[in-house]
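Chemist: Take this structure, written in structure tokens, and hold onto it; I'll ask about it next.
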Amino acid sequence: MRFTNFALLYLTLSFITGILLARSLELDIWAWVYISIPLITMLGLLVLIFKKKDKSTTSLYTGIAFLLFISIGALNFTLHIASKHHSHYSAKSNSGNSFKILRITQKLKDNKFYSKYYADVLSVNKKETSGTVLIQLKKDSIKPLVTDAVVITKSAFSDIQSAVNPGQFDYKTYLKNKGVYHQMYLENSNYKVLTQETTTFNGLNGRLIQTINSKLKNYRFSPDELAIINALVLGQKQDISSEIYDSYTDSGAIHILAVSGLHVGIILLIITFILKPLKQIKHGNLLVILCSIILLWLYAFLTGFSPSVIRATAMFTLVSIAINLKRKTNTYNTLIGSILIILIFQPQFLFDVGFQLSYVAVFSIVAFQPLIANLWHPKYKLTNLYWQTFTVTLSAQFGIIPLSVYYFHQIPGLFWLSNLIIIPLLPLILGLAILVIVLVLSFDKSILTTFFASTLSYSIYGMNYLLRWISSLESFIFKELSFSSFNLIASLLFVLSLYFLWKHFSAKTIICSLSAIILLQSSFMLTKIHTASNEFVIFYRSKHRLM
């Protein structure tokens with residue numbers, strides 16, 4: 001498969017370049033407006049003056065169009081940065097005497113001492129405001145918060161601490177990418193809940209998830225099993241224990257806990273199978289398309305519209321339309337189109353690690369899986385199923401490994417084994433989990449519900465046991481790997497050159513691959529040169545310093 005629409009690719013890359021420029025330069029909104037207006041004017045004049053296009057005018061059109069998309073990408077990103085707006089809470093008084101009214105929007109994973117939430121700042125001293133803060137609620141509080149609870153407090157906004165040790169995860173930058181710039185500490189004495197009415201999508205989503213969990217607890221699921229159901233189906237990972245999370249990470253199966261393209265693709269297959277009889281009636285295809293799209297986006301709502309789910313849902317919406325209308329689709333164009341659509345509405349998603357991993361994995365699968373799968377054609381269906389699973393898993397790693405080393409500093413060596421076991425079973429477990437949720441909401445405490453709930457419980461227990469065993473083989477887990485930004489870019493370019501070499505073996509692709517190898521080697525050499533052989537580091541650890 002090849003790209004059939006280079007214009008879409010170039011415009012998307014231009015839009016991404018604009019987002020990166022806006023993030024690094026941090027210019028005012030009006031600066032990008034003043035840059036965009038002349039470019040729009042120039043493009044309009046070219047259309048009016050040169051009605052006949054030749055090679056030179058086409059190049060000029062193209063150049064200005066790309067520059068315009070860069071400025072539009074930058075302007076769009078700047079408009080989405082809440083702190084740039086005059087209504088942002090940070091522009092108001094932050095004294096200990098100013099009243100702040102907040103609405104809880106999302107529950108996060110707790111730590112040892114605090115329960116964590118995101119909250120929208122509705123007003124400061126009776127003046128309407130915008131923006132989101134991180135709420136740290138002391139765990140001994142007798143007033144736990146729920147989604148959509150409206151809270152009044154005099155507690156001041158405080159800065160989020162940056163990373164204090166070399167190479168440490170920077171929580172401040174992570175939150176900044178999500179549009180969260182401050183935090184607020186609450187305890188019994190300094191806040192009051194005004195109302196807990198459910199009035200927003202987040203509130204409705206939280207209430208539905210709470211109802212589902214309260215009903216599931218009646219079926220003797222262990223805490224770990226309930227946490228896996230929440231992660232697999234509802235996209236809620238807050239309750240996963242560190243032991244289970246580490247076993248999934250070390251076995252190379254962590255991706256199944258993040259609802260993404262794999263899960264949405266399986267759900268689309270289930271929906272398509274259920275709705276298949278509708279195709280026999282008049283306008284059946286149109287009805288199937290509408291139902292599929294509505295059900296997919298309802299599922300996206302159920303999972304809280306996470307970046308990976310939005311990406312997958314947008315992509316599979318286009319795929320669903322194309323399949324049911326029996327149109328040929330170019331997967332690359334579908335992926336690139338979904339990237340552009342998502343970044344127009346949520347440009348901050350570009351810096352989300354899950355968003356990056358998800359897209360890189362899908363691109364790698366689309367590019368490499370057909371090439372690897374053609375190396376062998378098994379005769380038997382079961383053998384072919386495992387061969388296809390292995391090729392999908394292996395091809396995804398071409399793109400994932402550089403990003404995994406860069407962000408997580410480790411490679412699970414037995415990823416292929418865990419995926420060979422889990423991926424064929426995942427559609428059954430996911431389908432069973434959805435069925436159980438539907439049953440507990442519709443026919444709670446029936447014999448049928450109890451039977452399927454018990455089957456699901458045993459299935460998840462078996463999956464957890466297998467992954468725990470694989471993760472215990474520590475000699476196959478390569479940890480504490482260091483990777484710079486230069487190493488990451490060089491590695492991804494090398495993977496890209498490898499694909500073109502494999503796809504089209506020629507003198508040009510050989511030269512590109514050799515150049516990529518030289519660039520990759522140079523990146524490691526430069527990193528080694530710039531790494532000091534002798535250094536004295538003082539590490540900070542929980543009110544102590546280590547030398």
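Chemist: Can you list the HN-Hα couplings for the range 102-118, worked out from phi with the Karplus curve (6.51, -1.76, 1.60; θ = phi - 60°), rounded to whole Hz and with x for Gly and Pro?
Modeler: Coupling constants for the range 102-118: 10, 10, 5, 10, 7, 8, 10, 6, 6, 10, 5, 10, 10, 8, 10, 9, 9 Hz.
Chemist: With every protein chain kept in the model, how would you rank Thr391, Thr200 by accessible area, 1.4 Å probe, largest at the top?
Modeler: Final ranking, largest accessible area leading: Thr200, Thr391.
Chemist: Please identify the helices of the chain, taking whole runs of DSSP H, that span at least 15 Å along their own axis as judged from the Cα atoms and have a mean Kyte-Doolittle score of 1.6 or higher. Can you show the working numbers first?
Modeler: Working: long enough: 6-25 (28 Å, 1.78); 29-49 (30 Å, 2.24); 55-80 (37 Å, 1.02); 201-216 (22 Å, -0.09); 261-275 (20 Å, 2.67); 284-302 (27 Å, 2.34); 307-324 (26 Å, 1.29); 331-345 (22 Å, 1.95); 353-373 (28 Å, 1.68); 381-408 (38 Å, 0.61); 415-442 (39 Å, 2.59); 447-471 (36 Å, 0.78); 485-503 (27 Å, 1.56); 507-530 (34 Å, 1.22).
The qualifying helices are 6-25, 29-49, 261-275, 284-302, 331-345, 353-373, 415-442.
Chemist: Ok, one more. If the chain between Leu46 and Leu27 were fully stretched, how many nm would it gain, using 0.36 nm times the residue separation less the Cα-Cα distance?
Modeler: 4.0 nm
Chemist: What's the FRET efficiency of Ser222 with Leu514 using the Cβ-Cβ distance as r and R₀ = 51 Å, to the nearest 0.05? Mind showing how you got there, number by number?
Modeler: Values: r = 54 Å, r/R0 = 1.06.
Approximately 0.40, to the nearest 0.05.
Chemist: Right, something else. Work out how much length Val537 to Ala507 would gain on full extension: take 0.36 nm times their residue separation and subtract the Cα-Cα distance, in nm to one decimal. All intermediate terms of the calculation are to be shown ahead of the outcome.
Modeler: On the way: separation 30, 0.36 × 30 = 10.80 nm, distance 4.86 nm.
Extending this stretch completely gives an extra 5.9 nm.
Chemist: For His409 paired with Asp110, estimate the spin-label separation in nm (one decimal), with each label point 7 Å from Cα along the Cα-to-Cβ line.
Modeler: If labels sit at His409 and Asp110, their model points lie 2.9 nm apart.
Chemist: When Lys and Arg each count +1 and Asp and Glu each count -1, what net charge do the other residues less than 10 Å away from Gln348, Cβ to Cβ, add up to?
Modeler: +2
Chemist: Given R₀ = 35 Å, FRET efficiency for Val146-His530 by Cβ-Cβ distance, to 0.05?
Modeler: The value I calculate is 0.10.
Chemist: Cβ neighbours within 10 Å, averaged per peptide: list 346-352, 176-182 in order, most packed at the top.
Modeler: Put in order of decreasing packing, that is 346-352, 176-182.
Chemist: If you don't mind, another one. What is the ratio of the Cα radius of gyration of the range 221-364 to 2.2 N^0.38 Å, with N the residue count, to two decimals?
Modeler: The range 221-364 yields a ratio of 1.13.
Chemist: May I pose another question? Which whole-number percent gives the relative contact order of the range 458-529, counting Cα pairs below 8 Å spaced six or more residues apart? Show your work: numbers first, answer last.
Modeler: Details: 25 pairs, mean separation 22.7, N = 72.
Value for the range 458-529: 32 percent.
Chemist: Ignoring any ligand, DNA or RNA, what whole percent of the accessible area of the range 243-313 comes from carbon and sulfur when the probe is 1.4 angstrom? Before the final figure, lay out each step's value.
Modeler: Values: 2400 of 3220 Å².
The nonpolar share, carbon plus sulfur, comes to 74 percent.
Chemist: Sticking with this structure for a sec: Calculated from DSSP H runs of 4 or more alone, at -39500 (n - 2.57) each and per residue, what is the 222 nm mean residue ellipticity of the chain, nearest 500?
Modeler: -20000 deg cm²/dmol
Chemist: Sticking with this structure for a sec: So with the 1.4 Å probe, I'd like the accessible area per residue for the chain, rounded to whole Å².
Modeler: Solvent-accessible surface per residue comes out at 56 Å².
Chemist: Also, I was wondering about something else. Tell me, what % of the accessible area of the range 446-547 is carbon and sulfur with a 1.4 angstrom probe?
Modeler: 69 percent
Chemist: May I ask you to compute the full-extension gain from Phe486 to Glu187, defined as 0.36 nm times their residue separation minus their alpha-carbon distance, rounded to one decimal in nm?
Modeler: Taking 0.36 nm per residue and subtracting the Cα distance, the gain is 103.2 nm.
Chemist: So if we plug the beta-carbon distance of Ser214 and Trp376 into 1/(1 + (r/R0)^6) with R0 = 56 Å, what FRET efficiency do we get, rounded to 0.05?
Modeler: 0.70
The values are calculated or read from the model by the stated rules, or taken from the named source; none is laboratory data. Keep in mind that what you see is a predicted model, and the values were worked out from it rather than measured. Here Cβ is always computed from backbone atoms with ideal geometry, including for glycine, and neighbour counts include all displayed protein chains. Keep in mind that these areas ignore ligands, DNA and RNA; they rest on the heavy atoms of the full protein, side chains included. Shrake-Rupley method; radii C 1.70, N 1.55, O 1.52, S 1.80 Å.
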